[in-house]
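To start, the structure itself, in structure tokens.
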Amino acid sequence: PQSTAQGCRKHLHIYIFFALLLGGYGFLFSILELQGSDQLLPQYLKVEFGDNLDPTLGLYAGCYEIMKSRSWTRVSYAQTDPQRGQGRFLYCSDEDTRSWIFAPNNYDTACSDPYIRSSEERPTSFDLLDAKGD
């Protein structure tokens, strides 16, 4: 007859597999939890507008800080120097929009009536030369 120690060693690879599987799921769920919060987002954005696009946009160049409001479900960055302008970048996750929006004002209606919107094909980047002005 086989001893219990030898039987445990015989199935050691199965125990290791399940331990790694549980650890992998734990890691996955912790990453998903972080993505739901703003901890993985940059806290500041530096924005520069060239004069060749629209000379008035120079007022909105500068540093933008993430908005910490929990009541607003959109990711939003507000201009930190209010003397230069009150611009905001927001991500609209509506079914038909799913893009980054730049709004110099009217933040509540920015998703339905955007000033400048990123391309729907590449919502992870915001090149104003490729952006669409409505």
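Bear in mind that the values in this text are calculations on the coordinates, not laboratory data. It should be emphasised that the depicted structure is a prediction, and the values quoted were computed from it without experimental measurement. No Cβ is skipped: glycine too gets one built from the backbone with ideal geometry, and neighbour counts run over all protein chains shown.
Details
- Distance between modelled label sites at residue 40 and residue 28, nm, 7 Å Cα→Cβ extension: 1.4 nm
- Theoretical FRET efficiency, 1/(1+(r/R0)^6), r = Cβ-Cβ of residue 98 and residue 63, R0 22 Å, to 0.05: 0.25
- Ordering 80-93, 11-24 by mean Cβ neighbour count within 10 Å, with the highest value first, yields 80-93, 11-24.
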